[in-house]
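One structure below.
Read the figures in this text as sums done on the coordinates, not as results from a lab. This is a predicted model, so every value here is computed, not measured. Here the Cβ is made from the backbone with ideal geometry for all residues, glycine too, and neighbour counts use every protein chain on show.
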Amino acid sequence: MSTLDIKDVHKAYGSVQVIHGITLNIKDGEFVALVGPSGCGKSTLLRMIAGLEEVTQGEIDIGEREVTDLPPKARDIAMVFQNYALYPHMTVRDNMGFALKQRRTPKSEIRQRVDEAAKILGLEDLLTRKPRALSGGQRQRVAMGRAIVRNPNVFLFDEPLSNLDAKLRVQMRSEIKELHQRLGTTTVYVTHDQIEAMTLADRVVVMNGGVIEQEGPPLELYDHPKSVFVAAFIGSPPMNFFEGTVEQGNVLRLEDGTQLQLPVSDPKGRTEITVGVRPEHFELADTGWPATVSVVEATGSETQITARLAGKMIRVLVRGRTDVQAGQDIHLTVKPELIHMFDPAPIPDVALEEDH
Amino acid sequence: MTSSNTNAPKIRRRRRSFSHGARIAGAIFVSLLFLFPVFWMILTSFKTQVDIFTTPPKLFFEATTATYVEYFSRADIPQRLLNTVIVATGAGILSIVVGTLSGYALARIRLRGAATFGVLILMSRGVPPIALAVPMFLVARNMGLTDKHITLILAYCTFLIPYVMWLMRSFFVSLPKELEESAMIDGCSRFGAFFKIIVPISMPGILSTLIFSIILAWEELLFALVLTSRDAVTIPVAIAGIAGDTETGANWAALTAVGTVTVIPVVIFALLVQKWLIQGLADGATKG
């Protein structure tokens, strides 16, 4: 176990800059999730920590030791890949013991440590099998076993659950969390799935275009996103956005002329503004923002309403059930403390996707 | 309703067995087409000169092993067979070592101009061998290397290495690169990852490519004809010599007898490794 410090790290392929100076200090035993859309540089950053990509500029320290230019094997890290990368010609036991064998660990100790890891992950009965005789979830577990046998300073996960089906993904997610609570190893976890990041991590780092957009504990990002990008990326279903100009202190005038009464005026006093409201923070009321319901989807515990407000599609999430029906006109209010106001910025695709 | 229900499977089964039979017949026909020359060669090798020229050709005759005894008790034919073994295995092994390593480099290592380099090497295969044979002879003579095993081995490598390199390159490309990355994180160097992970996984491909290379070198005639004269002469050259014997006319019995002996090791080799060959060709699907 160890700290991990990333100091102003840059990465360029030729003249194309992909990471624009990232600084991140990870505490001993902390679980950090790097999250962002594809191409944001999160995997590149992880691969630089692993030593699989050269660092163009900057420094990476594991514990007290600078590892910037060390080969992967000298960094004492373990990595779980998206496609597991199990060695197909070796049994599960040999796969898990390979790293120890490379370190010339005595055979009896390898045996014992593999057995221990297998027990933690419930792989005892599979130790003599080859990877091709395993299911996706079992392969995933072997890949994790291979990592924990090492007892490394840092665990690196590169989208480890994206090859699994939805149900297994949820199950493995809790297993990873449990494993981290049990072992307490410093972990960096890359994912494009914000729910994975939110549920697993102590700290979520949202990346965009090679820079850190915002970092913090999951709920802090949810409660206080600093930009439209983070607001759109964190939370599911995604936040609704309204772009417009502020008039008379607290009236938002949308592009088509619709005027929406804001519960509070912008503390920063901007005129051009993007207002954000999470679907679950809307409340149905007798007066307020007018909208027309287009679809009502009830799942029992909650009801998702898709509606049109000034020609724009919005989502409203209501706890429990409601008698609202498609075609009905409704009014929406939002509590002053739950409304978000941002500098105008392009809204990322995630927020526009139909069902993220 | 009931009758059609009971009949349907039967009809289907009959139809299937018919198409199955047709397929078997087709396979037999094609096999015979390919095997007939080999069969005729073996048959001829046991005939006397008189039987060979009888019309219509005889299928049944008094077999004689005289030709075999005569030709394989002479010193030169066994010697040439040995030369062929040395040259073919030498060239096969050298080309597999160099070709596998360079194929791996082409597949994985980011090098400026690597792709161009690879294509250039492949293009060398487009040059007709006869155009290379004469310059090769001149180079060998200037270096005092004519009529030596090593000369033939190196000459064969000129066409085997591009072949091995490209075959192995496409094989390596099909393997996920995370395998080596994982091995490197687990404590291997790039070379260690290659030898401990990639080579064992690729063994079927490597072995089948090796066998192909040996067979190609085994039956090569042109370079051997140009580059050898006495000591390093290989069996294809010897066969060509028998066929082209203008003084006494072609000795067909000898030609076919030596030919049979030449073909046997190749056939045995191919049969031994056919499991690998098929696996090797179908491989690349061996992903994690």
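Tell me, what is the FRET efficiency for B:Val119 and B:Ser174 to the nearest 0.05, using R0 = 22 angstrom and their Cβ-Cβ distance as r?
About 0.65, to the nearest 0.05.
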**Fill in**
Stretched fully, the stretch from A:Gln181 through A:Glu337 gains (0.36 nm per residue minus C-alpha distance, one decimal, in nm) 52.8 nm
**Note, ³J(HN,Hα) from phi for segment A:234-240, Karplus 6.51, -1.76, 1.60, rounded to Hz, x at Gly and Pro** = 9, x, 9, x, x, 5, 8
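Which FRET efficiency value, to the nearest 0.05, is calculated for B:Arg112 and A:Arg132 with the Förster distance at 60 angstrom and r the Cβ-Cβ distance?
Values: r = 37 Å, r/R0 = 0.62.
E(calc), rounded to 0.05, equals 0.95.
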**Request:** Count, for each residue of A:80-92, the Cβ atoms from other chains sitting within 10 Å of its Cβ, then give me the mean as a whole number.
**Result:** 6
**Request:** Name the residues whose placed amide hydrogens come within less than 5 Å of the amide hydrogen of A:Val18, ignoring near sequence neighbours (fewer than 5 apart) on the same chain.
**Result:** A:Lys11, A:Ala12, A:Tyr13
**Asked** What is the dipole size for segment A:130-250, taken about its Cα centre, with +1 at each Lys and Arg Cβ and -1 at each Asp and Glu Cβ, in debye to the nearest 20?
**Response** 1040 debye
**Request:** Counting other beta carbons within 10 Å of each Cβ, put B:Asp147, A:Asp165, A:Asp193 in order, fewest first.
**Result:** A:Asp165, B:Asp147, A:Asp193
**Prompt:** Helix-derived [θ] at 222 nm for chain B: sum -39500 (n - 2.57) over DSSP H runs of at least 4, divide by residue count, nearest 500?
**Reply:** -24500 deg cm²/dmol
**Request:** For B:Lys148, list the aspartates and glutamates whose Cα falls under 19 Å from its own Cα; do not include residues on the same chain fewer than 8 positions away.
**Result:** B:Asp76, B:Glu219, B:Glu220, B:Asp231
**Asked** Which whole number gives the average, over all residues in B:174-181, of C-beta atoms from other chains lying within 10 Å of the residue C-beta?
**Response** 5
**Request:** Name the residues whose placed amide hydrogens come within less than 5 Å of the amide hydrogen of A:Asn208, ignoring near sequence neighbours (fewer than 5 apart) on the same chain.
**Result:** A:Glu213
**Per-residue [θ]222 nm for chain A (sum of -39500 (n - 2.57) over DSSP H runs n ≥ 4, rounded to 500)** = -7500 deg cm²/dmol
**Message:** Please enumerate, by chain and number, the aspartates and glutamates with C-alpha under 15 Å from the C-alpha of A:Lys11, excluding those fewer than 8 residues away in the same chain.
**Reply:** A:Glu53, A:Glu54, A:Glu59, A:Asp69
**Message:** Inside 10 Å of the C-beta atoms of A:49-62, what's the mean count of C-beta atoms belonging to other chains?
**Reply:** 1
**Complete:** The alpha-carbon center of segment A:44-93 and that of segment A:320-349 are separated, in whole Å, by 44 Å
**Message:** Quick check: Cα centre of segment B:55-69 to Cα centre of segment B:73-122, how many Å?
**Reply:** 40 Å
**Message:** If I take every Cα pair under 8 Å that is 6 or more residues apart in segment A:1-95, average their sequence separation and divide by the length, what percent do I get for the relative contact order?
**Reply:** 28 percent
**Asked** What percent do you get for the relative contact order of chain A when only Cα pairs under 8 Å and 6+ apart count?
**Response** 16 percent
**Message:** Relative contact order for segment B:117-264: what percent, with Cα pairs under 8 Å and sequence separation of 6 or more?
**Reply:** 29 percent
**Item:** Coil-residue trypsin sites (Lys or Arg not before Pro) of segment A:35-127, DSSP, other Cβ within 10 Å capped at 10
**Value:** A:Arg104
**Request:** Go through A:Lys167/A:Lys226; A:Lys119/A:Lys167; A:Lys226/A:Lys335; A:Lys42/A:Lys226; A:Lys73/B:Lys177 and tell me which ones have a Cα-Cα distance over 21 Å in this structure.
**Result:** A:Lys167/A:Lys226; A:Lys119/A:Lys167
**Message:** Quick check: the distance between the Cα centres of segment B:142-216 and segment A:220-294, to the nearest angstrom?
**Reply:** 62 Å
**Asked** Which ³J(HN,Hα) values, rounded to whole Hz and listed in residue order, are derived for segment A:180-191 from phi using the Karplus coefficients 6.51, -1.76 and 1.60 in 6.51 cos²θ - 1.76 cosθ + 1.60 with θ = phi - 60°, glycine and proline given as x?
**Response** 5, 5, 6, 8, x, 7, 4, 9, 10, 10, 9, 7
**Radius ratio Rg over Rh of the protein assembly as shown, counting only Cα atoms, Kirkwood formula for Rh** = 1.16
**Request:** Sort B:121-132, B:151-162 for me by packing, meaning the mean count of neighbouring Cβ atoms within 10 Å per residue, highest on top.
**Result:** B:151-162, B:121-132
**Asked** How would you rank B:Ser45, B:Ser189, B:Ser182, B:Ser19, going from fewest to most other Cβ atoms within 10 Å of each one's own Cβ?
**Response** B:Ser19, B:Ser189, B:Ser45, B:Ser182
**Prompt:** Taking θ as phi - 60°, what are the ³J(HN,Hα) couplings along segment B:187-192 by the Karplus curve (6.51, -1.76, 1.60), each to the nearest whole Hz, with x for Gly and Pro?
**Reply:** x, 9, 7, 4, 5, x
**Item:** Proximal aspartates and glutamates to A:Lys107, defined as alpha-carbon separation beneath 17 angstrom and excluding residues fewer than eight positions away on the same chain
**Value:** A:Asp94, A:Asp115, A:Glu116, B:Asp186
**Prompt:** If you count, for each residue, the other Cβ atoms within 10 Å and average over each peptide, how do B:190-201, B:46-57 line up from highest to lowest?
**Reply:** B:190-201, B:46-57
**Fill in**
When the charge dipole of the protein assembly as shown is computed with +1 at the Cβ of Lys and Arg and -1 at the Cβ of Asp and Glu, the Cα pointing farthest to the positive end, of A:Thr199, A:Ile19, A:Gly145, is that of A:Gly145
